Amino acid sequence: MAEEQLLDERSESDTRPEIYDEDGAIAAGFLTDVRAAIEGEDAAFLREEVGQLHESEIGDLIERLDADERQGLIRLMGDEFDYTALTQIDDAIRLEIVDAMPNEQIAEAVRELDSDDAVYILEDLDEEDRQEILERLPFRERVRLRRSLEYPEESAGRRMQTEFVAVPPFWTVGQTIDYMREDEDLPERFSQIFVVDPSFKLMGAVDLDQILRTKRPEKIEEIMHETRHAVPAVMDQEEAAQIFQQYDLLSAAVVDENERLVGILTIDDIVDVLQEEAEEDILRLGGVGDEEISDTVLTTSRSRVPWLLVNLLTAFLAASVIQIFDATIQQIVALAVLMPIVAGMGGNAGSQTMTVTVRALATRDLDIYNAARIIRREVGVGFINGVIFALLIGMVAAWWFSSTQIGGIIAAAMIINMLAAALAGIMIPLLLDRFGADPAIASAVFVTAVTDVVGFFSFLGLATWWFGFAH
């Protein structure tokens, strides 16, 4: 029997199309076949080949298709299309697809989704369209989705799944098992059963393995444990993710302001949150906000212009420092050749420190209690690196321009700017975080400004002082 089952599984896997190439991208052959089927209105092929793919694989396929092809794929697959795939694709592409669908079709799709996936699709729609779609849903489902949508964006309430299993404490294990077998509205997958009082206030939870190990007459209240890590619905999703990381949770109850159970967060939701937050931090460090790869030229340009404008203003500030020492530069041409090195090295060193600091703030590894120690460490690192590169650039400059004075000046300026870079790289993100600004998106411009200004001022200022003193 086991051998037959294994053969069946192998035969099923053999019929499954190879959709990825060696580089992990959608295989060109499979993509060509899908496009040909869409053009030829071959619904049978699409339902058979695409219908057996995982939702994430369908999402990858959709992103490779053109706009008309995406609509054709969904139309031809009909009921066989897995709308969960829309949660796996780029936001701009998902909105483009949903905007082209009638509200009646969206409502049918939402009925098939878990509540957290349904909210993910509904939250980006216009208020009018969203209300029309909700009105087409059954009352119970409509109430659940509206409650989730009332919570702030990027909160646990928006991320939670409202399908869960909750039982009173006086039920027996046998009653609970029978309830799970007979009720058709239970979630497809769950690992915990929550215990609530008559007002639905959360009392505790029981793991499924504990249910299976306990005899039927035992009462739930005798085997339940306290849910020590219940997540408030208004908590930011990033904070909720940190709770999952810290306590190695697979799921967690979500409660409202009255400690009543309103939903659950599961590990698959948290993985998505961690990925989104990491991508967001990377983009913001580059000053591009929430830019998507599928955004239009105008949208992309609009998202980048503000911080480029700030960068232009700080560049003028650095240029004004150079202008102060224009007479010195005219007399000693070597200074014009060497001064970008000091500013550039300081900028790179500051970016290294800033990146580590922003990440530490995001993961809560850096706070008021260990900030002083980290600052001392970064200053030490800046001094050591400054000395190392001061010796290198000092010797090269002395040989290049046959002047030990130039070598000594640029070496001293390098140490000063590397120290300034270390301090700016950690202090600017800390100060921005302290005053409620996002250090990820705002730090880079200011750190670069500091290293440019200090680098130019220290190098040109030392040269002006030294050669003025020497003569």
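None of the figures in this text is laboratory data; all of them are computed from the coordinates on show. All values derive from a computational prediction rather than experimental measurement. Heads up, the Cβs are rebuilt from the backbone with ideal geometry, glycines too, and the neighbour counts pull from every protein chain shown.
Volume per residue of the convex hull around the Cα atoms, evaluated for region 297-470, comes out as 133 Å³. In this structure the amide hydrogen of D124, modeled in the peptide plane, comes within under 5 Å of no amide hydrogen from residues 5 or more places off or on another chain.
Over 40 Å, how big is the tail of the calculated P(r) for the chain, in percent of all Cα pairs? Of all Cα-Cα distances in the chain, 44 percent exceed 40 Å. Seen from F200, the other residues with C-beta closer than 10 Å to its C-beta sum to a net charge of -1, counting Lys and Arg as +1 and Asp and Glu as -1.
Working from label points 7 Å from Cα in the Cα-to-Cβ sense, the D23 to A100 distance is 2.6 nm.
Placing a label point 7 Å from the Cα of L308 along the Cα-to-Cβ direction, the residues of region 431-459 whose backbone N falls under 17 Å from that point are 445. A simple spin-label model places pseudo-atoms 7 Å from Cα toward Cβ; at I223 and E257 they are separated by 3.8 nm. Remark: region 261-267, residue by residue, has Karplus-estimated 3J(HN,Hα) of 6, 10, x, 9, 9, 10, 5 Hz, where x stands for each Gly or Pro and the curve is 6.51 cos²θ - 1.76 cosθ + 1.60 at θ = phi - 60°. For region 355-371, backbone phi angles converted through the Karplus equation (6.51, -1.76, 1.60; θ = phi - 60°) give residue-by-residue couplings of 4, 5, 5, 4, 5, 5, 5, 5, 8, 6, 7, 10, 8, 5, 7, 10, 4 Hz, Gly and Pro being listed as x. For the pair A319 and E182, label points projected 7 Å from Cα toward Cβ lie 8.0 nm apart.
Scalar couplings 3J(HN,Hα) for region 172-183, obtained by applying the Karplus form with A = 6.51, B = -1.76, C = 1.60 to θ = phi - 60°, are 8, 4, x, 4, 5, 4, 4, 4, 5, 6, 9, 6 Hz; x denotes Gly and Pro. Both radii were evaluated on the Cα set of region 399-471; the Rg over Rh quotient, with Rh as the Kirkwood radius, amounts to 1.16. Dividing the radius of gyration of the alpha carbons in region 21-153 by their Kirkwood radius gives 1.00 for Rg/Rh.
Distances between placed amide hydrogens fall under 5 Å for Y151 paired with no residue 5 or more residues away or on another chain.
Descending by average beta-carbon neighbour count within 10 Å, the peptides 406-414, 357-365 line up as 406-414, 357-365, the highest first.
Working note: Cα gyration tensor of region 150-189, eigenvalues times five, square-rooted, sorted largest first, giving semi-axes of 28, 12, 6 Å. Distances between placed amide hydrogens fall under 5 Å for G263 paired with V254, all partners being 5 or more residues away or on another chain.
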